[in-house]
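Heads up: the structure comes next, in structure tokens.
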Amino acid sequence: MGWLEGKVALITGGGSGIGKALVERFIEEGACVGVLERSKEKVKGLQEQFGDRVVIIEGDVAQLEDNERAVAETVQAFGRIDTFIGNAGIFDYFVTLPDLPKDNLEKSFDQVFGVNVKGPLYGAKAALPELLKTKGNIIFTVSNAGFYPAGGGPLYTASKHAVVGLIRELAYELSPKIRVNGVAPGGTLTDLRGPAALGQEMQTQSSVPDIENLMKATNPLKVVPSPREHTSAYVLLASNKDSMAITGNIINSDGGLGVRGF
Ligand code: NAD
């Protein structure tokens, strides 16, 4: 018996990395899953891999109507939504304030905040009526950059701090009916891209030279978790039975960055 038997989750950015690992794990735990994903290429493989336990919605998390369509199609397929996971995100590959291009600054900001902040906000807005019916829960993927400097440049770090704010505000506003929490992974090898406005739409984290050793060196546990290794934190937070008293919390799955010495 899985932890999420009979439950339904809507997960954004399920096409690769942490999102795809979540789709796999939630299905193993007994759930059915709706996936809102932007990449046409990644969408193709998902249906084949997961069959009738998933419904795939191609769309952009930064568009409210795409989030609404994802909610409607998930409910049409599976009858309800118990958990909304706002996970899709893009990085900025550490571009610092001096290096941010003036002529593309506004576009770069809009693209990073569009995916990383509008995405979870619009998803939560669209899923809210369904979550009220099920007394469900919301989980956002944050990042070590939601807590500390040097986990990105100013755009990414500010966007993930904003996600922490969203979690706190929504946990306050939506209690007692809906629990709202987050998971904050640290460095993980995935297909994470950057904004087109910074020319980073094809850049992937896994292709940064020596990235695994760089990631290991920064955290006290000296680990680089796989996407799968973050998923238990989400399963716990998605299970009302197992985390009924937890809201407004973020599980830091980052190898212990908070206990680095100074
Ligand atoms: P990933 O690129 O492998 O997965 C992100 C998925 O989201 C991709 O399938 C991508 O196509 C999709 N996506 C991107 N923009 C979208 C949009 N506008 N609409 C719909 N789908 C969109 O990267 P990942 O590392 O698995 O990223 C998942 C989350 O984890 C992100 O929020 C990221 O910020 C966060 N995170 C990643 C790391 C890391 O080191 N990889 C660390 C901390 C936090």
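FYI, it's all coordinate maths here, none of it is from the lab. Because the structure is a prediction, the values reported are computed rather than measured. Note: ideal-geometry Cβ built from the backbone for every residue, glycine included; neighbour counts use all protein chains shown.
Full-extension gain between GLU201 and ARG260, please, as 0.36 nm times their residue separation minus the C-alpha to C-alpha distance. It would help to have the intermediate numbers written out before the result.
Numbers: separation 59, 0.36 × 59 = 21.24 nm, distance 3.21 nm.
Here the answer is 18.0 nm.
Could you please tell me the mean projected area of the C-alpha convex hull for segment 93-181, averaged over all directions and given in square nanometres to one decimal? Walk me through the numbers before you get to the answer.
Details: hull surface 23.5 nm².
Directional mean of the projected Cα hull area for segment 93-181 stands at 5.9 nm².
Roughly how big is segment 114-180's charge dipole about its Cα centre, with Cβ charges of +1 (Lys, Arg) and -1 (Asp, Glu), in debye to the nearest 20? Write out the running numbers ahead of the final one.
Numbers: 8 positive and 3 negative charges, 34 e Å.
My answer is approximately 160 debye.
What does the charge dipole of the chain about its Cα centre add up to, to the nearest 20 debye, if the Cβ of each Lys and Arg holds +1 and the Cβ of each Asp and Glu holds -1? Display every interim value, and only then the final one.
Working: 26 positive and 30 negative charges, 122 e Å.
Dipole of the chain, to the nearest 20 debye: 580 debye.
Using Cα pairs closer than 8 Å and at least 6 residues apart in sequence, work out the relative contact order for the chain, in percent. Provide the component values of the computation, followed by the final result.
Numbers: 537 pairs, mean separation 50.1, N = 262.
Across the chain, relative contact order equals 19 percent.
Between segment 104-133 and segment 1-60, what is the C-alpha centre distance in whole Å?
19 Å
Tell me, in nm to one decimal, what length is gained between ASN104 and VAL208 on full extension, where the rule is 0.36 nm per residue of separation less the Cα-Cα distance?
35.1 nm
Given axes a ≥ b ≥ c from the Cα gyration tensor, I'd like to know whether segment 1-156 is rounded (a/c under 1.5), prolate (a/b larger than b/c) or oblate. Mind dumping the intermediate values first?
Details: a/c = 1.96, a/b = 1.92, b/c = 1.02.
Judged from the Cα gyration tensor, segment 1-156 comes out prolate (a/c at least 1.5, a/b above b/c).
With the chain treated as a Gaussian network of Cα nodes joined by springs under 10 Å, which of LEU128, LEU174, LEU36 yields the largest mean-square fluctuation?
LEU174
Measure off 7 Å from each Cα along the Cα-to-Cβ vector at ASP191 and THR134, then give the distance between these two points in nanometres to one decimal.
2.5 nm
Hey, could you get me the Stokes-Einstein D for the chain, Kirkwood radius over alpha-carbon pairs, 37 °C and 0.692 mPa s, rounded to whole µm² s⁻¹? Don't jump to the answer; show the numbers that get you there.
On the way: Rh = 18.3 Å.
Calculated translational D: 180 µm²/s.
Quick one: the Cα spread of segment 115-262 along its three principal axes, in angstroms, biggest first?
Sorted largest first, the three principal extents are 48, 35, 28 Å.
Taking the Cα centre as origin and putting +1 on Lys and Arg beta-carbons and -1 on Asp and Glu beta-carbons, what dipole magnitude results for segment 1-124, to the nearest 20 debye?
Details: 13 positive and 20 negative charges, 19 e Å.
For this selection, approximately 100 debye.
So if R0 is 30 Å, what FRET efficiency would GLN47 and SER175 give, r being the distance between their Cβ atoms, rounded to the nearest 0.05?
Values: r = 36 Å, r/R0 = 1.20.
Taking R0 as 30 Å, the efficiency between GLN47 and SER175 is 0.25.
Could you compute the net charge surrounding GLY152? Neighbours are other residues with a C-beta less than 10 Å from the C-beta of GLY152; K and R count +1, D and E count -1. It would help to have the intermediate numbers written out before the result.
Numbers: positive: LYS160; negative: ASP92.
With Lys, Arg at +1 and Asp, Glu at -1, the neighbours total 0.
Let me have the 222 nm mean residue ellipticity of the chain computed from DSSP H runs of 4+ only, each contributing -39500 (n - 2.57), with the sum over all residues rounded to the nearest 500. Let's see the in-between values first.
Details: 8 runs with 100 residues, N = 262.
For the chain, the value works out to -12000 deg cm²/dmol.
Which one of ILE167, LEU189, GLN200 is farthest out on the positive end of the charge dipole of segment 144-201, using unit charges on Cβ (Lys, Arg +1; Asp, Glu -1) and the Cα centre as origin?
Working it through, the farthest residue towards the positive pole turns out to be ILE167.
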